[in-house]
Amino acid sequence: MTGRVIGVGPIGRRVGINVGSLRRDRGLSRDALAARLRTSAAAIPASGIARIEAGTRRVDVDELVALALALRVETLALLERTVVERSERRTP
């Protein structure tokens, strides 16, 4: 292993947007979401959630599932295109 840092790709950025949107829709602060995650195998602090939402921190599969459970959505909901992405595709 070379120790190189792998950046966040387009799907990772989408996950971050969806996490932020779903978190806000549920009236959760980052601290409240982090508290829900503390009981999971993939605890993420509020600062980590902020970086995920900003698109500067990658999410592994365990974290993806834990985030979905904490937000009470199907895992696929975190991977789906955002409303913004859907509207941009329709624009000629």
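Translational D (Stokes-Einstein, µm²/s) of the stretch 1-53 at 4 °C and 1.567 mPa s when Rh comes from the Kirkwood sum over C-alpha pairs?
Details: Rh = 12.0 Å.
It diffuses with D of about 108 µm²/s by this estimate.
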Extent along principal axes [Cα atoms of the chain; Å; largest to smallest]: 45, 40, 20
Suppose each label sits 7 Å from its Cα in the direction of the beta carbon; what would the T39-V65 distance come out to in nanometres? 1.8 nm
Give the peptides 45-55, 72-82 in descending order of average Cβ contacts within 10 Å, highest first. 45-55, 72-82
Explain nothing, just the number: relative contact order of the chain, from Cα pairs under 8 Å at least 6 residues apart, as a whole percent. 35 percent
Per-residue ellipticity at 222 nm for the chain, helices alone: DSSP H runs ≥ 4 residues times -39500 (n - 2.57), over residue total, nearest 500 deg cm²/dmol? -18500 deg cm²/dmol
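FYI, it's all coordinate maths here, none of it is from the lab. Being a predicted model, the structure only gives us computed values, none of them experimental. Because the Cβ atoms are built from the backbone with ideal geometry, glycine has one as well, and the counts that use them run over all protein chains shown.
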